[in-house]
Ligand SMILES: [Zn+2]
């Protein structure tokens with residue numbers, strides 16, 4: 001009886017949604033048709049051209065990007081997205097160029113580390129000089145305090161003024177029943193939680209009053225090789241220029257290579273592999289090392305205003321137009337590195353000229369609709385994502401429209417340029433009801449939405465949507481980890497090849513063999529999801545068990 005009723009229910013849902021999808025597809029067709037490979041490519045070519053110098057915040061690349069994108073928004077017919085009548089939101093940033101020195105003293109012997117081959121170091125504090133002398137070095141395992149897992153790597157140990165040596169990633173706790181696997185109940189098994197991110201490591205170090213935090217780099221748990229750390233941290237970096245000049249941040253934050261860490265630990269009479277073994281247990285206690293750290297950082301600082309670029313398409317329903325759906329993609333990238341031989345420009349074609357191209361094409365597509373959606377749409381290209389999601393963070397802390405009326409953020413960071421795919425990767429899979437909308441829209445294209453293919457890389461915490469999630473706004477973030485039609489089903493992911501070859505390298509450029517037909521499908525899907533939210537009867541919600549649900553509930557009942 002129960003089964004029969006369920007079956008009829010499924011049939012009914014299937015029938016109504018099929019009908020709805022068909023009718024909807026017809027209504028949306030003229031808009032969807034405006035999203036094309038050539039349209040995307042034209043925007044990407046401009047933003048990723050050498051003239052834009054890799055789009056670093058506060059450079060000529062910013063000026064050109066802001067002008068190009070806001071001109072496009074104007075031409076499309078969007079209204080200024082800032083209620084002050086402009087297409088930009090100022091984001092106060094500080095640029096920091098660090099020249100670090102670092103050495104350890106282990107029983108009178110000095111061990112010098114070479115920059116940037118052995119280590120990188122900088123400070124978020126807006127100070128011209130950082131000096132840490134003779135600070136006790138303590139190994140704190142993963143440096144995690146996670147009450148929900150009954151985990152505290154610090155126990156009762158006072159680490160104020162000390163230098164913390166820590167492992168990257170989540171504690172990989174083995175499953176007690178099958179030690180060859182990770183315990184699904186601890187830190188989401190193989191997936192990365194926020195405790196695994198480097199940003200968390202430096203935040204907890206600051207909270208504990210440590211002087212410095214040194215992360216031991218490992219490619220697997222970090223999600224990227226040392227060259228990514230080296231090139232990201234040895235150039236000018238950016239922080240929000242907060243009124244307290246970021247004095248609450250840890251004084252020095254550093255990464256060292258696995259080899260350098262092993263050597264230093266061996267000099268202290270310790271073995272990294274043995275330490276890692278004890279670090280995956282709840283009973284781990286910090287290990288005081290027979291070493292002192294000396295860290296000196298000279299910092300050249302400059303303060304300037306960077307910009308989020310934002311356009312608005314007003315909703316058609318007078319009652320609902322003060323509710324919003326927001327599309328985001330970061331416009332910034334890594335800029336230019338004059339000290340490099342050969343190609344010095346990090347063009348960031350895929351990361352993220354492609355995402356901005358998608359946002360501009362989405363805006364133009366929505367403008368084609370007649371009638372326009374009931375709710376308003378915001379199209380935002382954010383700044384300083386590469387420096388730690390700073391533009392999105394600033395917006396989330398200083399929203400131009402009430403967050404409780406912001407129904408969803410749909411974030412685009414890198415498009416698939418390798419042709420049509422069987423599926424679309426939903427990096428935020430399982431977190432909110434936006435998933436179900438994406439899955440339904442994908443089905444309409446004869447495709448499937450699949451769960452995050454590489455949850456161990458923590459991509460969900462590495463994109464602007466995370467800043468929206470943190471303040472409770474339901475967020476969708478799709479990726480390029482897809483199974484291409486042109487490859488066998490079990491072939492390596494093109495996205496993995498991109499990550500190991502071109503990601504955050506000068507080679508992330510427009511290539512003549514690109515096929516943007518898959519990108520078009522993905523952008524069309526995201527159009528449909530945004531349309532459903534902007535026109536639908538039910539607001540997206542976080543699902544039970546999502547780490548962001550409590551925040552949304554609090555915002556909505558305020
Ligand atoms: Zn990106």
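Where a number appears in this text, it was derived from the coordinates with a stated rule and is not lab data. Just so we're clear, the structure is a prediction, and the values are computed from it rather than from any experiment.
For segment 319-430, what is the convex hull (Cα atoms) projected area averaged across all directions, in square nanometres?
Details: hull surface 40.3 nm².
The directionally averaged projection comes out at 10.1 nm².
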Report, in degrees rounded to the nearest 10, the 0 to 90 angle that the Cα long axis of helix 2-32 makes with the longest principal axis of the chain. 80
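Please report Rg over Rh for segment 249-399, where both radii come from the alpha carbon positions and Rh follows the Kirkwood definition. Intermediate values should be presented prior to the final figure.
Working: Rg = 24.0 Å, Rh = 20.5 Å.
Rounded to two decimals, Rg/Rh equals 1.17.
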Mind checking the alpha-carbon convex hull of segment 33-73 and giving the volume per residue in Å³? 63
With a ≥ b ≥ c the root eigenvalues of the C-alpha gyration tensor of segment 128-242, is it rounded (a/c under 1.5), prolate (a/b larger than b/c) or oblate? oblate
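Using the Kirkwood radius over Cα pairs, work out the Stokes-Einstein diffusion coefficient for segment 93-188 at 4 °C and 1.567 mPa s, in µm²/s as a whole number. Intermediate values should be presented prior to the final figure.
Numbers: Rh = 16.7 Å.
In µm²/s, the coefficient is 78.
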Round to a whole angstrom and tell me the spacing of the C-alpha centers of segment 488-526 and segment 71-130. 28
Pairing the Cα long axis of helix 198-207 with the longest principal axis of the chain, what angle in degrees results, from 0 to 90 and rounded to the nearest 10? 60
All-pairs alpha carbon distance profile, the chain, 10 Å steps from 0, percent: 4, 17, 27, 26, 16, 7, 2, 0, 0
When N is the residue count of segment 261-314, what does its C-alpha Rg come to as a fraction of 2.2 N^0.38 Å? 2.23
If I take all pairs of Cα atoms in segment 391-479, what percentage of them are more than 16 Å from each other? 55
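Just how many % of Cα pairs in segment 193-327 lie over 26 Å apart, if you round to the nearest whole percent?
Details: 3891 of 9045 pairs.
When every Cα pair of segment 193-327 is considered, 43 percent fall beyond 26 Å.
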In units of 2.2 N^0.38 Å, what is the alpha-carbon radius of gyration of segment 192-261? 1.17
Please report the orientation-averaged projected area of segment 505-558, defined via the convex hull of its C-alpha atoms, in nm². 7.2
Expressed to one decimal in nm², the mean projection of the alpha carbon convex hull of segment 157-207 is 4.4
Helix 60-76 against the longest principal axis of the chain: what's the angle in degrees, Cα atoms only, rounded to the nearest 10? 20
Report the Cα centroid-to-centroid distance between segment 190-211 and segment 262-295 in angstrom, as an integer. 18
Between segment 28-53 and segment 306-371, how far is it from one alpha carbon centroid to the other, in angstrom? 11
